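Read the structure below first, then the notes.
The values are calculated or read from the model by the stated rules, or taken from the named source; none is laboratory data. Values in this document were obtained by computation on a predicted structure and should not be read as measured data. Using ideal geometry, Cβ is built from the backbone for each residue, glycine included, and neighbour counts are taken over all protein chains shown. Remember, those area values only see protein heavy atoms, side chains included, never the ligands or the DNA or RNA. Shrake-Rupley method; radii C 1.70, N 1.55, O 1.52, S 1.80 Å.
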Amino acid sequence: MFEELKEKFRQVMPGSGFCSLRAVRESNEIVQVRQSVLQPITRYEDQGVMITVVAGGGYGYAATSDLSVNGLRAAVERAQSWAALSAGKSVVDYGKIAYPHPTGEYASPVKSPWESVPLKDKIDMVSKECARLKIDDRIADSAASLWYIKTDILYLTNGGGEVRQALERLLPTLRVTASEGAESQTRNLGAGSYALQGGMEIIDKVGFLTEGPRLAQEAIALLSAPNCPSGTMDLLLAPDQMHLQIHESIGHPLEIDRILGDERNYAGTTFVKPEYVGSFRYGSDLLNITYDPTIPDQWASFGFDDDGLKAEKLFIIEKGILKRALGGLVSQTRSGLPGVATTRADGWRRPPIDRMSNLNLEPGTSTFDEMVASVEKGIYMQTNTSWSIDDSRNKFQFGCEWGRLIENGKLTDLVRKPNYRGISGTFWNNLKMVGDQSTFRVLGVPNCGKGEPNQIMKVGHASPAALFADVEVFGGE
């Protein structure tokens, strides 16, 4: 398909201005078992092309699933028409943007290909792990699944650019709910965050074949645990909660298109102002946030973004100071702010916009035991179960599945329905210890929504455990 597209694009691409072709071919397969009943195997494939034209200072794009020469020519003509109509009427003069003509390739590291395991063996594996969750009559619901995604991307420009990227992703999930009387408690394997690039080797890496019985035992234990106490105390967060804390209170506020107000009608705005970039103290000296597309197995690693910018690791926040924001080529030009290569689309039908990619908290120097030992009164929380954040991405509230009190430097009683709330700036400035590499975990968010029409994006977040001072903690109903 891609070799044929190269020749067809050569026949239809305009000789002046800028023109790109982004072809995406994606296939998905989901194997899921719930309560020992195999659910319908989900398979779907999708492929098509997005043509982008910049001419006369205007910008136009057109998507098509007609991959014939005539289909591509029609898409180019539509994109040229939109570029002509938008010239002089856009928020930025696209003619001043130096679109690159990159060459290169990127491929996910795969040790054990998904296709190397027969479907029957995958069904047997998922069925077995679902059955292992049923350890007690109090287990009311259980589910196990594997979601595999293969994405091939070809990016061509009329200036000789050519980038090929082949991404393979796997998300294993386990979910178990225990119920007794009016009480129900659920435990998940990372709450859908154990999403990585690679092949079947990910199953062992995330504990899909070993963690089920432990999760089931923890769900049952939570049934008789007391409710989480309320009060202001130290809060130690596990990576499978930290990833969403980073996502909601650092990632979304720092998107340049949101800073410029583009998202206010749909997903809200941000408390971050353009003048903050370069000097604003976002957190304590321990806060080091990177945009890092170079971790090989992370969910959103890639070599080039969808505008052809080469991806490289950069500090977004360094020693607590905001250094740059999350925006690609157009937003950087429009705002004058430093950004990163993170313009992305969720498929061939949509234009790329500013998205989070891999946004990570760098490891610190403290072991998990050292962080616990430093706490006189506090709580340790694992695994996100709910989130809420205001439309300026400032005030937030999160709930977790699992909590244990920390008293006089030791983990003590189990508590259920632990929640906490805060304000982004205050919260990150109260970061008092950051876990070392032994607590660091590479995770992902498979379903970040943004844009109009809405786009669902795959985002990566890696984080160690982290300790915060003076956080308002409370229980649930």
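Does the stretch 331-343 hold any residues that are in contact with a Ser or Thr (Cβ under 7 Å, 6 or more places away or on another chain) and either open to solvent by 20 Å² or more (accessible area, probe 1.4 Å) or more than 30 Å from Ser27 (Cα to Cα) (or both), and which are they?
Gly339 - this is the single residue of the stretch 331-343 that is in contact with a Ser or Thr (Cβ under 7 Å, 6 or more places away or on another chain) and either open to solvent by 20 Å² or more (accessible area, probe 1.4 Å) or more than 30 Å from Ser27 (Cα to Cα) (or both).
Return the total of residues in the stretch 74-92 being assigned to a loop (DSSP other than H, G, I, E, B), of a type outside the set (Gly, Ala, Ser) and open to solvent by 70 Å² or more (accessible area, probe 1.4 Å).
Qualifying residue count, the stretch 74-92: 2.
Among Phe302, Phe315, which is the only one that is aromatic (Phe, Trp, Tyr) and either part of a helix (DSSP H, G or I) or farther than 30 Å from Gly60 by Cα (or both)?
After ruling out the rest, the residue left standing is Phe315.
Output the residues belonging to the stretch 31-53 that are free of Cβ contacts under 8 Å to residues at least 60 places away in the same chain, assigned to a strand (DSSP E or B) and open to solvent by 10 Å² or more (accessible area, probe 1.4 Å).
Residues satisfying the conditions are Val37, Thr42, Arg43, Tyr44, Glu45.
Name the pairs: first residue in the stretch 228-253 and under 17 Å from Ala267 (Cα atoms), second residue assigned to a helix (DSSP H, G or I) and aromatic (Phe, Trp, Tyr), Cβ to Cβ under 8 Å, at least 6 apart or on different chains?
Going by the 8 Å Cβ cut-off, the qualifying pairs are Ser249/Phe427; Ser249/Trp428; Ile250/Trp428.
Restricting the search to the stretch 215-242, which residues are in a helix (DSSP H, G or I) and acidic (Asp, Glu)?
Hits for the stretch 215-242 are Glu218, Asp240.
Among the residues of the stretch 427-450, are any surrounded by 19 or more Cβ atoms within 10 Å (Cβ to Cβ) and assigned to a loop (DSSP other than H, G, I, E, B)?
Within the stretch 427-450 (the criterion being surrounded by 19 or more Cβ atoms within 10 Å (Cβ to Cβ) and assigned to a loop (DSSP other than H, G, I, E, B)), the answer is no, since none of the residues qualifies.
From Arg169, Arg138, Arg132, Arg187, grab the single residue that is charged (D, E, K, R), crowded, with 21+ Cβ neighbours inside 10 Å, farther than 29 Å from Gly48 by Cβ and in contact (Cβ under 8 Å) with a residue 24 or more places away in the chain.
Arg187
Determine whether the stretch 203-214 contains at least one residue that is in contact with a strand residue (DSSP E or B) (Cβ under 9 Å, 6 or more places away or on another chain), farther than 30 Å from Glu115 by Cβ and either modelled with pLDDT of 95 or more or not in a helix (DSSP H, G or I) (or both).
Yes, because at least one residue in the stretch 203-214 is in contact with a strand residue (DSSP E or B) (Cβ under 9 Å, 6 or more places away or on another chain), farther than 30 Å from Glu115 by Cβ and either modelled with pLDDT of 95 or more or not in a helix (DSSP H, G or I) (or both).
Which members of the stretch 54-73 meet the condition of being touching a strand residue (DSSP E or B) at 6+ places or on another chain (Cβ under 7 Å) and either surrounded by fewer than 20 Cβ atoms within 10 Å (Cβ to Cβ) or outside any helix (DSSP H, G or I) (or both)?
Val54, Gly60, Tyr61, Ala62, Ala63, Thr64, Ser65, Leu67, Gly71
In the stretch 241-276, what count of residues is obtained for those that are closer than 19 Å to Lys323 by Cβ, in contact with a Ser or Thr (Cβ under 9 Å, 6 or more places away or on another chain) and open to solvent by 10 Å² or more (accessible area, probe 1.4 Å)?
6
Can you name the residue in the stretch 1-30 that is open to solvent by less than 40 Å² (accessible area, probe 1.4 Å) and hydroxyl-bearing (Ser, Thr, Tyr) and is also farthest from Thr151 (Cα to Cα) among such residues?
Ser20
Restricting the first residue to the stretch 196-220 and requiring it to be at positive phi, which pairs with a second residue that is open to solvent by 20 Å² or more (accessible area, probe 1.4 Å) meet a Cβ separation below 7 Å and a spacing of at least six or different chains?
What qualifies is Gly198/Pro109; Gly198/Val110; Gly198/Lys111; Gly198/Glu168; Gly198/Asp297.
Just give me the residues in the stretch 269-299 being in contact (Cβ under 8 Å) with a residue 40 or more places away in the chain and not in a loop (DSSP other than H, G, I, E, B), in sequence order.
Listed by number, the residues that qualify are Pro274, Tyr276, Arg281, Ile289, Thr290, Tyr291, Gln298.
So, in the stretch 281-301, of the ones that are small (Gly, Ala, Ser) and farther than 21 Å from Tyr194 by Cβ, which residue ends up least open to solvent (accessible area, probe 1.4 Å)?
Here the answer is Gly283.
For Cys400, which of the numbered conditions (1) buried (at least 17 other Cβ atoms within 10 Å of the Cβ); (2) farther than 10 Å from Ser249 by Cα; (3) modelled with pLDDT under 95 fails to hold?
(3)
Which residues, counting only those in the stretch 199-223, are among the acidic types (Asp, Glu) and farther than 15 Å from Leu414 by Cβ?
If the condition is that a residue be among the acidic types (Asp, Glu) and farther than 15 Å from Leu414 by Cβ, then Glu201, Asp204, Glu211 are the ones that fit.
Take the residues in the stretch 97-144 that are outside any loop (DSSP other than H, G, I, E, B) and of a type in the set (Ser, Thr, Tyr); name whichever of them is nearest to Met200 (Cα to Cα).
Top of the filtered list is Ser116.
Working only within the stretch 141-166, note down all residues that are open to solvent by less than 30 Å² (accessible area, probe 1.4 Å), over 20 Å from Lys458 (Cβ atoms) and in contact with a Gly (Cβ under 9 Å, 6 or more places away or on another chain).
Those that are open to solvent by less than 30 Å² (accessible area, probe 1.4 Å), over 20 Å from Lys458 (Cβ atoms) and in contact with a Gly (Cβ under 9 Å, 6 or more places away or on another chain): Ser142, Ala144, Thr157, Gly161.
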